[in-house]
Amino acid sequence: MSSSTNSPGRPGAVGDPRPIGVFDSGYGGLTVARALQKRLPEESILYVGDSARCPYGPRDQAEVDGFVQQICAWLTGRDVKMIVIACNTATAAGLVHAQQAFPVPIVGVVEPGARAAAHTTLNRRVGVIATKGTVDSNAYADAIRHIDAGITVFSTATPRFVEIAEMGLKLSSGPIEDYMADTTKVYIRPEFEDIARQYLEPLRRCDIDTLVLGCTHYPLLKALIGGVVGRKVTLVSSADETARDVDHILGRRGAYAPAGSVPTHAFFTTGADVEEFRRFGGRVLARPMHVVEHVELPA
């Protein structure tokens, strides 16, 4: 399906102007928010980055599930019309629980990415790179094999890629910061390439033809990752696939924003440094973040 912003079935003057809630443990989920803005430019977004408790990957699944329910409760209290869990670890830990607990549609990023991988692979050998929490949950392996039980999935935890993505964004700031924000470039040090080879060479030797970027930070490292695994391996990011799912859900429910709506985007961080979140978050989003506030989430 085309990623055209003129979605089929979009209503005329009727619709639901409420925002879409999106959250992640920090900056990474902004790659999903960016895909939503591109595909659904009239939709408003309310984004929460739980930077104070980032990263989620090394944490216990039950603890992350608690974070998911807490943030979903806050978002539904702000009257969002649906929620996107834009974090693979949080999706694996808390999606089902959240879908059962809250009255709005809630989607995660694992199933869309798994579906794209299953439909992309030709030799039925798929690699998955993600945080330790996502890999240990087997969420991607289970989702991919649910679609095609004949696919062999090779999963590897690559936790330092989150650190590399965020460090690379910060290293790229300077006199050309405005240009970099437009292109979402990440500065790659030579030692970053060494780390990437250590992570990815074993997967490449498994003869995979498809690699799932199982963390929303990882699309920022596409050039680095693709350079190691080679052109014969297709990289799958769940951001665009998730945006497509959101589009379909809104269409089925008649819940698009009214035609001609001017969207409002608001961003919240649990971290103490709001200006840092605004600065580096804007680089991930590839556009300025005008409304950014600190939020204290209730227990």
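Would you pick out the residues in the range 87-134 that are among the β-branched types (Val, Ile, Thr), without any contact (Cβ under 8 Å) to a residue 40 or more places away in the chain and crowded, with 21+ Cβ neighbours inside 10 Å?
Across the range 87-134, the qualifying residue is only Ile106.
Go through the residues of the range 290-299 one by one and say whether even a single one is within 30 Å of Gly15 (Cβ to Cβ), of a type outside the set (A, V, I, L, M) and either in contact with a Pro (Cβ under 8 Å, 6 or more places away or on another chain) or buried (at least 21 other Cβ atoms within 10 Å of the Cβ) (or both).
no
Could we say that Gly281 is within 16 Å of Val48 (Cβ to Cβ), small (Gly, Ala, Ser) and surrounded by 15 or more Cβ atoms within 10 Å (Cβ to Cβ) here?
So Gly281 passes the test.
Only residues that are open to solvent by 20 Å² or more (accessible area, probe 1.4 Å) and assigned to a loop (DSSP other than H, G, I, E, B): list them for the range 240-263, please.
Gly254, Pro258, Ala259, Gly260, Ser261, Val262, Pro263
Could you figure out which of (1) open to solvent by less than 10 Å² (accessible area, probe 1.4 Å); (2) without any contact (Cβ under 8 Å) to a residue 24 or more places away in the chain isn't true of Asp60?
Of everything listed in (1) open to solvent by less than 10 Å² (accessible area, probe 1.4 Å); (2) without any contact (Cβ under 8 Å) to a residue 24 or more places away in the chain, Asp60 misses just condition (1).
Could you list, in sequence order, the residues of the range 264-278 that are buried (at least 20 other Cβ atoms within 10 Å of the Cβ) and assigned to a helix (DSSP H, G or I)?
Phe277, the sole residue that qualifies.
Which of the residues belonging to the range 224-239 are of a type outside the set (Ser, Thr, Tyr) and either outside any helix (DSSP H, G or I) or at pLDDT below 90 (or both)?
Listed by number, the residues that qualify are Gly230, Arg231, Lys232, Val233, Leu235, Val236.
The values are calculated or read from the model by the stated rules, or taken from the named source; none is laboratory data. Everything numeric here is computed off the predicted structure, so don't read it as measured data. A quick note on method: Cβ atoms are made from the backbone with ideal geometry, for glycine too, and the neighbour counts reach across all protein chains shown. Remember, those area values only see protein heavy atoms, side chains included, never the ligands or the DNA or RNA. Shrake-Rupley method; radii C 1.70, N 1.55, O 1.52, S 1.80 Å.
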